[in-house]
Amino acid sequence: MPQRTLIRDATVVLPREVARTSVLIEGGRVAAVDPAPHSRADEVVDATGLFLLPGVIDDQVHFRDPGLTHKEDLHTGSRACAAGGVTSFLEMPNTVPQTITVDALARKLEHARRRCVVNYGFYIGATTDNLTELRQATRTPGIKIFMGSSTGNMLVDDQECLEAIFAETSLPITAHCEDESTVHANAAGLEAPLTIHDHSRIRDHRAAITATLRGIDLARRHGHRFHVLHVSTAEEAGILAERHDLITAEVCPHHLFLDVSDYGRLGTLAQMNPSLKTPEDRAALWRGLKEGAIQIIATDHAPHTLEEKDVPYPASPSGVPAVEVMLPLMLNEVNRGRCTLQDLAAWMSDGPARIWDIVGKGRIEEGYDADLVLVDMERERAVRNEEQLTKSGWSPWHGTVLKGWPVRTWVGGRTVFAGGRVTREPVGREIVFDHARGGYWATRG
Ligand code: DOR
């Protein structure tokens with residue numbers, strides 16, 4: 001590995017400006033932005049015409065490892081991240097076994113150390129009876145609650161249990177918000193045979209809004225930090241517009257780029273939880289993101305094989321893979337003028353780092369980790385199933401032409417993706433969280 005790398009003459013997305021300059025990497029960190037001319041370097045990367053962004057931090061992925069590794073594993077999932085400019089991921093606990101004890105968390109971290117091409121962190125999952133574990137866990141971004149059932153049988157929707165989790169733990173809490181009784185009542189009202197179009201009737205607006213309001217109410221009453229995962233409706237974006245110092249939220253690419261009108265084309269490939277909503281919801285989610293009601297974007301990368309997805313609804317599993325395409329989808333929007341590269345750095349790097357108190361990541365700044373992605377804003381190509389590195393081997397955006405692609409990714413100063421090739425070396429490191437920082441609203445923007 002070169003000791004010192006100079007990325008020369010890039011257009012660099014810095015915390016407060018976008019500047020044509022150079023970045024010097026040393027010891028895995030950003031040693032200097034705009035270093036002295038003729039700084040000594042072991043490797044010089046001519047980045048003329050290219051843009052340098054902080055690596056993407058994806059705070060919601062399902063890498064299925066351990067237990068469901070025919071869909072994905074930590075190695076394949078992290079390689080897909082590298083190709084997509086994602087340099088750090090936070091993974092969900094609905095694996096087999098579930099990550100619901102301090103011991104399971106430690107085992108996952110140890111496994112990841114030997115497998116991951118990018119940096120990693122793992123949530124601890126809440127159950128109806130693991131309060132002691134939730135209170136003892138330290139090496140984690142926070143507690144995940146499935147306040148609505150999805151893949152993996154981790155539902156916690158008993159009010160007493162939820163009250164206890166919010167009252168008696170101190171880690172940040174994040175939740176899947178879809179109200180279980182609403183979902184059941186909606187399903188009971190429909191006649192068989194169901195089709196994929198019914199997915200958005202069963203997991204409807206009311207289900208999402210009810211659960212999000214419930215989570216916000218718990219957070220406010222208990223004074224507990226709370227992050228709403230995958231917001232899918234205009235109403236939730238409206239509720240979240242009322243800024244609250246304890247509450248943050250995210251939106252996923254599928255809810256920004258797809259809606260119920262895509263079921264006809266994609267069938268169960270467009271099945272995910274929360275479900276797709278209307279074109280009006282999509283527009284409101286974009287507005288919520290741009291106006292700050294929603295602070296970040298994350299993939300909810302949820303791989304299932306094409307054979308599994310091909311089973312008729314409702315037996316088909318929910319979830320879509322996305323770590324390789326989230327950044328290109330957003331770069332394409334920058335090219336279309338819908339947002340800026342600085343927006344992307346805030347929504348996909350600095351924002352998640354602040355929400356989860358991640359140490360040394362999310363910005364291109366002296367002393368920060370050299371987790372970087374170089375992008376070519378002129379590069380235009382189609383997303384292709386056969387090129388996906390996710391083990392699931394498909395993308396709902398197959399065939400979509402996007403302009404703006406990552407061309408090189410560094411993790412801790414080491415190149416993990418370049419020239420279309422991704423390393424197999426487990427270069428990734430365990431992400432360090434410092435929860436005393438107090439989260440998004442307590443830190444500088
Ligand atoms: O569609 C989804 N799939 N939503 C989730 O919340 C879970 C995920 C999965 O793990 O498959």
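The values are calculated or read from the model by the stated rules, or taken from the named source; none is laboratory data. None of these values were measured; they are calculated from a predicted model. Because the Cβ atoms are built from the backbone with ideal geometry, glycine has one as well, and the counts that use them run over all protein chains shown. We work out accessible area using only protein heavy atoms, side chains counted, and drop any ligands, DNA or RNA first. Shrake-Rupley method; radii C 1.70, N 1.55, O 1.52, S 1.80 Å.
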Could you list, in sequence order, the residues of segment 133-182 that are touching a strand residue (DSSP E or B) at 6+ places or on another chain (Cβ under 9 Å) and β-branched (V, I, T)? T138, T140, I143, I145, V156, I165, T169, I173, T174
Going through segment 16-31 in order, the residues found to be surrounded by fewer than 18 Cβ atoms within 10 Å (Cβ to Cβ) and in a loop (DSSP other than H, G, I, E, B) are R16, E17, G27
Quick count over segment 410-443, residues being closer than 17 Å to G77 by Cβ and either hydroxyl-bearing (S, T, Y) or modelled with pLDDT under 95 (or both), is 1
For segment 136-163, which residues satisfy the criterion of being under 17 Å from A219 (Cα atoms) and open to solvent by 10 Å² or more (accessible area, probe 1.4 Å)? D157, D158, Q159, E160, C161, E163
Any idea which residue in segment 388-424 is surrounded by the fewest Cβ atoms within 10 Å (Cβ to Cβ), counting only those that are closer than 20 Å to L266 by Cα and small (G, A, S)? G399
If I filter segment 302-320 for residues that are part of a helix (DSSP H, G or I) and touching a helix residue (DSSP H, G or I) at 6+ places or on another chain (Cβ under 7 Å), do I get at least one hit? yes
Select, from V401, V373, V416, the only residue that is farther than 29 Å from R114 by Cα and touching a strand residue (DSSP E or B) at 6+ places or on another chain (Cβ under 6 Å). V401
Can you confirm whether D371 is charged (D, E, K, R) and open to solvent by less than 20 Å² (accessible area, probe 1.4 Å)? yes
Given the structure, is P314 within 23 Å of N94 (Cβ to Cβ), open to solvent by 50 Å² or more (accessible area, probe 1.4 Å), touching a residue at least 12 places away in the same chain (Cβ under 8 Å) and of a type outside the set (A, V, I, L, M, F, W, C)? yes
Does segment 124-132 include one or more residues that are touching a residue at least 60 places away in the same chain (Cβ under 8 Å) and either of a type outside the set (D, E) or open to solvent by less than 10 Å² (accessible area, probe 1.4 Å) (or both)? no
Report, ordered by the first and then the second residue, all pairs with beta carbons closer than 8 Å, sequence separation of six or more or different chains, a first member in segment 39-52 that is farther than 22 Å from A345 by Cβ, and a second member that is not in a strand (DSSP E or B). A41/P2; D42/P2; D42/Q3; E43/P2
